[in-house]
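The values are calculated or read from the model by the stated rules, or taken from the named source; none is laboratory data. All values reported here derive from a predicted model rather than from experimental measurement. Cβ sites come from the backbone with ideal geometry, for glycine too, and all protein chains shown count toward neighbours.
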Amino acid sequence: MTKIGIIKERKTPPDERVVLTPSQIATIQLEYQNLDIVVKRSEIRRIKDAEYESAGVTLVDSVDDCDILIGVKEVPIDQLIPNKTYFSFSHTIKMQPYNRDVLRAVMHKGISLIDWECITGANGKRVIGFGRYAGIVGAYNGFRTMGLRDNLFNLKKAHDCQDREELNAELKKVQLPVVKILITGGGKVAYGALEVLSNLQIREVQVLEFLSQEFDEPVFCRITFSEYFLRGDGKPFDNQYYFDNPSEHVSDFMRFAEVADMFIVGHYWDSKAPFLFTRDDARDARFNINLIADISCDIDGPVASTIRPSTIEDPYYGYDPVSEKETTYNAKGAITVMAVDNLPCEMPRDASKDFGEMFISGVLPALSNNDCEGILSRASITKNGEITDHYAYLREWVAD
């Protein structure tokens with residue numbers, strides 16, 4: 001029997017999400033007789049302890065006797081229990097400096113650390129994540145910001161909505177002017193954002209239409225890297241060549257920036273790839289975008305106006321292209337930026353349910369079948385405190 005403990009989230013600011021809902025745990029317990037799941041009590045979660053109790057889930061004050069500990073965010077050093085297996089978003093694989101000591105502590109305490117971000121199937125695609133709800137909330141926040149800035153409508157904060165149903169009800173207040181909306185990406189984030197655009201019944205148009213035509217209704221166009229990057233050598237774009245050589249490309253984004261009004265950023269950006277637009281580009285008189293919902297939120301990166309993350313409490317700010325400084329979100333000539341970097345936290349109930357469904361279908365079988373396909377092995381940053389060969393590049397970093 002393997003005992004799994006759902007931990008209490010300890011990061012600041014508090015994260016109200018959880019990996020599994022009460023009904024999901026109850027279902028797992030019936031189907032997987034070799035697993036025992038308990039939940040540590042928490043006053044933080046949006047899904048309350050009483051809901052777990054009502055579903056027959058065991059609540060505990062300590063998870064010290066569990067074999068596997070499962071959470072959302074990385075665990076503070078003083079809360080790490082030696083010689084356990086942890087699942088979390090560790091925020092270490094990109095050598096994030098603020099978590100180097102966490103990884104060192106994981107090693108010192110003989111912990112096996114499995115990172116949600118690294119769990120992939122045989123096709124190399126991620127199995128689990130909160131991307132869909134990042135996209136949903138990010139797009140919603142973008143339209144909420146437009147309504148406030150332009151005095152068009154007033155939407156409740158996503159975080160103040162009880163669930164997705166209430167968020168969809170809020171969207172009925174939206175009355176859009178004639179705008180051209182651009183969205184980048186082809187993954188869960190972008191498709192989450194597209195759910196909101198579909199709810200608003202905004203018509204999709206293709207690239208050539210978007211670039212060359214005027215419309216009497218709001219429209220959107222979704223593009224990916226093959227549309228906003230060009231090969232530096234002038235040869236035709238090739239997907240595999242881009243994946244292998246992202247630095248050998250240049251941006252062709254300005255043709256979209258000249259005609260778009262709103263930009264929803266939903267793509268993954270490789271740090272070796274060019275910026276979509278620079279600060280010089282944003283100053284260009286041709287640059288037309290005035291509202292950016294930056295879901296990806298790469299600071300001082302591909303979207304020049306994203307100079308800092310914003311927060312759930314204060315979700316937007318202005319970027320002045322002339323001074324290259326922050327200003328008020330509704331300042332004349334400013335690009336309004338929404339860049340909340342923990343968007344799924346705004347809808348913790350729905351995001352948790354969505355995450356749990358992916359866990360059950362994509363991760364749980366590996367826990368029960370001794371990881372016969374290597375899904376968990378590939379995602380293991382450490383094994384019994386030792387950095388695995390998959391992440392050997394981290395060894396020098398933590399030793400520095």
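When the stretch 45-66 is filtered for residues that are in contact with an Asp or Glu (Cβ under 6 Å, 6 or more places away or on another chain) and part of a loop (DSSP other than H, G, I, E, B), the ones remaining, listed by number, are R45, R46. Can you list residue pairs whose Cβ atoms sit under 8 Å apart, with the first residue in the stretch 217-242 being not assigned by TED's automatic domain parsing to the domain that holds Q206 and the second being surrounded by fewer than 17 Cβ atoms within 10 Å (Cβ to Cβ)? Count only pairs 6 or more apart in sequence or on different chains. Close Cβ pairs (under 8 Å, with a partner that is surrounded by fewer than 17 Cβ atoms within 10 Å (Cβ to Cβ)) do not exist here.
Could you list, in sequence order, the residues of the stretch 217-251 that are of a type in the set (F, W, Y) and surrounded by 15 or more Cβ atoms within 10 Å (Cβ to Cβ)?
F220, F225, Y228, F229, Y241, Y242 - these are the residues of the stretch 217-251 that are of a type in the set (F, W, Y) and surrounded by 15 or more Cβ atoms within 10 Å (Cβ to Cβ).
Applying the criterion of at least 2 residues that are touching a helix residue (DSSP H, G or I) at 6+ places or on another chain (Cβ under 9 Å), farther than 23 Å from T120 by Cβ and modelled with pLDDT of 95 or more to the helices (runs of 4 or more DSSP H) found wholly in the stretch 172-251 leaves 188-199, 207-212, 225-228. When G135, G129, G110, G124 are screened for being in a loop (DSSP other than H, G, I, E, B), of a type outside the set (S, T, Y) and at pLDDT 95 or above, only G110 passes.
When D115 is tested against (1) acidic (D, E); (2) within 23 Å of D298 (Cα to Cα); (3) touching a Leu at 6+ places or on another chain (Cβ under 6 Å), just one condition goes unmet, and that condition is (3). The set of residues in the stretch 266-312 that are more than 12 Å from A339 (Cα to Cα) and either touching a His at 6+ places or on another chain (Cβ under 7 Å) or of a type in the set (F, W, Y) (or both) comprises Y268, W269, A273, P274, F275, F277, F287.
All told, S310 falls short of being surrounded by fewer than 22 Cβ atoms within 10 Å (Cβ to Cβ), hydroxyl-bearing (S, T, Y) and over 19 Å from the mean Cα position of the chain (by Cα).
Residues considered: Q24, Q29, Q33. Of these, the only one that is closer than 15 Å to R349 by Cβ, among the polar types (S, T, N, Q) and outside the structural domain of D314 (by TED's automatic domain parsing) is Q24. Residues in the stretch 152-209 that are charged (D, E, K, R), crowded, with 17+ Cβ neighbours inside 10 Å and more than 30 Å from R255 (Cα to Cα): R164, E170. When F277, F355 are checked against the criterion of being in the same structural domain as H91 (by TED's automatic domain parsing) and aromatic (F, W, Y), F355 stands alone in meeting it.
As for the stretch 36-44, it holds no residue that is in a loop (DSSP other than H, G, I, E, B) and closer than 19 Å to W116 by Cα.
Examine the stretch 280-301 for a residue that is more than 29 Å from G147 (Cβ to Cβ) and either part of a loop (DSSP other than H, G, I, E, B) or without any contact (Cβ under 8 Å) to a residue 12 or more places away in the chain (or both), and state whether such a residue exists.
yes
Put simply, of V19, V72 the only residue that is in the same structural domain as D115 (by TED's automatic domain parsing), part of a strand (DSSP E or B), within 19 Å of P344 (Cβ to Cβ) and touching a strand residue (DSSP E or B) at 6+ places or on another chain (Cβ under 8 Å) is V72.
Among the strands (runs of 3 or more DSSP E) confined to the stretch 313-400, the ones with at least 3 residues that are in contact (Cβ under 8 Å) with a residue 40 or more places away in the chain and more than 27 Å from A105 (Cβ to Cβ) are located at 335-338.
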